[in-house]
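Engineer: The structure's right below; bear with me while I get my questions together.
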Amino acid sequence: MTPPRAAVVGSCNVDVVVSVERLPGRGETVLGGDPVRRPGGKGANQALAARRWGSPTHLIASVGEDADGSWLLSNLSAHGVEVGFCQRSTRPTGVAYITVEDEGENLIVVAPGANNDVRVPPDLDVDLVLCQLEIAVEPVLELLEREIPVVLNASPAGRASLDLLGRCSVVVVNEHEASTLDLAILEHCVVTRGRRGAALFHSGREVASVPAPPVQAVDTVGAGDVFCAAYALEWARGVDPVDALRRAVYAGAYATTQPGAQGALPTREEVVSWIDADS
Ligand code: RIB
């Protein structure tokens, strides 16, 4: 089967990452290592992961008219993501301030900037769209109005209304986000559980779960994005849901083995062979 044609409508950020022994408490200052700047943003991460998984992929995003915006777009384009629908905004390129603890826990604050100006092009012709919520909700609503199948990674969850979530074909959230939502209203929801893998829910009822394979994890930032891209593309191909879940869990685990949100992106073939070797 030919791979589905995907579009990702989402954010493009510069990740400013600092490692700390432990995350600061409220009102506390802690000292960390040297700051590192890396390309990131849930939209860009998911677009790159989808491309690497084997699908022709458009990213629909908005970056500033600044050097960071040019850097992010040329990085995406160099890795085969179609960026022709990306826009330049008068706002600054989005920045994610990421603090990573030695134990692997992280805290992220996103200053969306130009991400707030994402617009969906009128002539978008794809099999599925993968969205997240580091952008405004209007583009997602517009896609739903046009009856394009939407897989929504409802992260951060605060922006999602129940109406919006209920109209998406698939919703993917992490455990923390799931605890803030009423999963019963979602026909098809996937909850990621970090090292414990992921589970599939139908109308609030858990119907399957898959454990994660053991890996030497060095950085979990972006692992959820790789999971989302793999799951969305397997779902669009009509792969059995438990197989799709297992492939996505392995893809997410693979992503934790190198630093950076875009540091380790697997191909579909790599993941399928890894699962075969494990079973
Ligand atoms: O999911 C990881 C991403 O979240 C990072 O790349 C950062 O940009 C934040 O948006």
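Engineer: Could you give the nm distance between label points at Arg159 and Glu206, where each point is 7 Å from its Cα heading toward the beta carbon?
Structural biologist: 3.0
Engineer: Given H placed 1.01 Å from N in the peptide plane, which residues other than close sequence neighbours of Ala208 have an amide H under 5 Å from its amide H?
Structural biologist: Here the answer is Leu200, since their amide H atoms fall under 5 Å of that of Ala208.
Engineer: Residue-wise, which Karplus ³J(HN,Hα) couplings in Hz belong to region 238-246, taking 6.51 cos²θ - 1.76 cosθ + 1.60, θ = phi - 60°, and x for glycine or proline?
Structural biologist: x, 5, 3, x, 6, 5, 4, 4, 5
Engineer: Taking only C-alpha pairs under 8 Å that are 6+ residues apart, what is the relative contact order of the chain in percent? All intermediate terms of the calculation are to be shown ahead of the outcome.
Structural biologist: Values: 667 pairs, mean separation 49.1, N = 279.
Once divided by the residue count of the chain, the mean separation gives 18 percent.
Engineer: Once phi is turned into θ = phi - 60°, what whole-Hz ³J(HN,Hα) does the Karplus curve with 6.51, -1.76 and 1.60 give for every residue of region 53-58, x standing for Gly and Pro?
Structural biologist: After applying 6.51 cos²θ - 1.76 cosθ + 1.60, I find 5, x, 9, x, 9, 9 Hz.
Engineer: Determine, for Tyr250, Tyr231, the number of other Cβ atoms within 10 Å of each Cβ, and report the residues in order from fewest to most. Spell out each step's value before the answer.
Structural biologist: Values: Tyr250 25, Tyr231 28.
By the 10 Å Cβ count, ascending, the order reads Tyr250, Tyr231.
Engineer: What is the magnitude of the charge dipole of the chain about its Cα centre, with +1 placed on the Cβ of each Lys and Arg, -1 on the Cβ of each Asp and Glu, and no other charges, expressed in debye to the nearest 20? Write out the running numbers ahead of the final one.
Structural biologist: On the way: 22 positive and 36 negative charges, 24 e Å.
Computed about the Cα centre, the dipole is about 120 debye.
Engineer: Sort Phe201, Phe227, Phe85 by Cβ crowding within 10 Å, fewest neighbours at the top.
Structural biologist: On the way: Phe201 21, Phe227 30, Phe85 17.
Sorted ascending by nearby Cβ count, the order is Phe85, Phe201, Phe227.
Engineer: Also, I was wondering about something else. What is the Cα centroid distance between region 127-194 and region 219-245, reported in whole angstrom?
Structural biologist: 14
Engineer: As a test, work out the antiparallel percent of DSSP beta bridges whose residues both lie in region 60-185, rounded to the nearest 5.
Structural biologist: Working: 6 of 16 bridges.
Among the beta bridges of region 60-185, antiparallel pairing accounts for roughly 40 percent.
Engineer: Another question about this same structure. Determine the calculated [θ] at 222 nm for the chain from helices alone, applying -39500 (n - 2.57) to every DSSP H run no shorter than 4 residues and normalising by the residue count; nearest 500 deg cm²/dmol.
Structural biologist: On the way: 8 runs with 83 residues, N = 279.
Result for the chain, helices only: -9000 deg cm²/dmol.
Engineer: Another one. Which order do Ser273, Ser155 fall in if you start with the one that has the fewest other Cβ atoms within 10 Å?
Structural biologist: Values: Ser273 11, Ser155 22.
So the ranking, lowest neighbour count to highest, is Ser273, Ser155.
Engineer: Counting only C-alpha contacts under 8 Å and six or more residues apart, can you give the relative contact order of region 169-253 as a whole percent? Let's see the in-between values first.
Structural biologist: Working: 138 pairs, mean separation 20.2, N = 85.
Contact order relative to length: 24 percent.
Engineer: What length, rounded to one decimal in nm, is gained on full extension from Val36 through to Thr90, with 0.36 nm per residue of separation minus their alpha-carbon distance?
Structural biologist: Working: separation 54, 0.36 × 54 = 19.44 nm, distance 2.52 nm.
Full-extension gain reported as 16.9 nm.
Engineer: Please give the length that would be gained between Val242 and Arg22 if that part of the chain were fully extended, namely 0.36 nm times their separation in residues minus their C-alpha to C-alpha distance (nm, one decimal). Mind dumping the intermediate values first?
Structural biologist: Details: separation 220, 0.36 × 220 = 79.20 nm, distance 3.60 nm.
This chain segment gains 75.6 nm when fully extended.
Engineer: Count the DSSP beta bridges whose two residues both fall in the chain, then state the antiparallel fraction as a percent rounded to the nearest 5.
Structural biologist: Working: 20 of 51 bridges.
Restricted to the chain, the bridges split so that about 40 percent are antiparallel.
Engineer: I'm checking a number: the convex hull volume of the Cα atoms of region 212-279, normalised per residue, in Å³. What is it? Each step should come with its number before you reach the end.
Structural biologist: Details: hull volume 5.0 nm³, N = 68.
Measuring per residue, one finds 73 Å³ for the Cα hull of region 212-279.
Engineer: Still on this structure, I have one more. Taking amide hydrogens as modeled 1.01 Å from N in the peptide plane, which residues meet the under 5 Å criterion relative to Glu134, leaving out close sequence neighbours?
Structural biologist: Excluding prolines and chain starts, which carry no amide H, the hits are Ser11.
Engineer: Report the charge-dipole magnitude of region 168-279 in Debye, nearest 20, computed about the Cα centre from +1 at each Lys and Arg Cβ and -1 at each Asp and Glu Cβ. Could you put the intermediate results ahead of the total?
Structural biologist: On the way: 8 positive and 14 negative charges, 22 e Å.
My answer is approximately 100 debye.
Engineer: Run the numbers for Asp123 and Gln216: contour at 0.36 nm per residue of separation, minus the present Cα-Cα distance, in nm. Please list the in-between numbers first.
Structural biologist: On the way: separation 93, 0.36 × 93 = 33.48 nm, distance 4.33 nm.
Extra length available between Asp123 and Gln216 comes to 29.2 nm.
Engineer: Here is a further query. Between region 1-66 and region 93-123, how far is it from one alpha carbon centroid to the other, in angstrom?
Structural biologist: What the calculation gives is 7 Å, centre to centre.
Engineer: Still on this structure, I have one more. For a Förster distance of 41 Å, can you work out the FRET efficiency between the beta-carbons of Arg5 and Glu103, rounded to the nearest 0.05? All intermediate terms of the calculation are to be shown ahead of the outcome.
Structural biologist: On the way: r = 40 Å, r/R0 = 0.97.
Efficiency computed from Cβ-Cβ geometry: 0.55.
Engineer: A follow-up question, please. Please list, in order along region 249-263, the HN-Hα scalar couplings obtained from phi with the Karplus expression 6.51 cos²θ - 1.76 cosθ + 1.60 (θ = phi - 60°), rounded to whole Hz, x for Gly and Pro.
Structural biologist: 5, 5, 4, x, 5, 4, 5, 7, 7, 9, x, x, 5, 10, x
Only the coordinates and a few stated rules stand behind these numbers; no lab work does. These numbers were taken from a predicted model, which means no experiment stands behind them. Note that we place each Cβ from the backbone using ideal geometry, even for glycine, and neighbour counts take in every protein chain shown.
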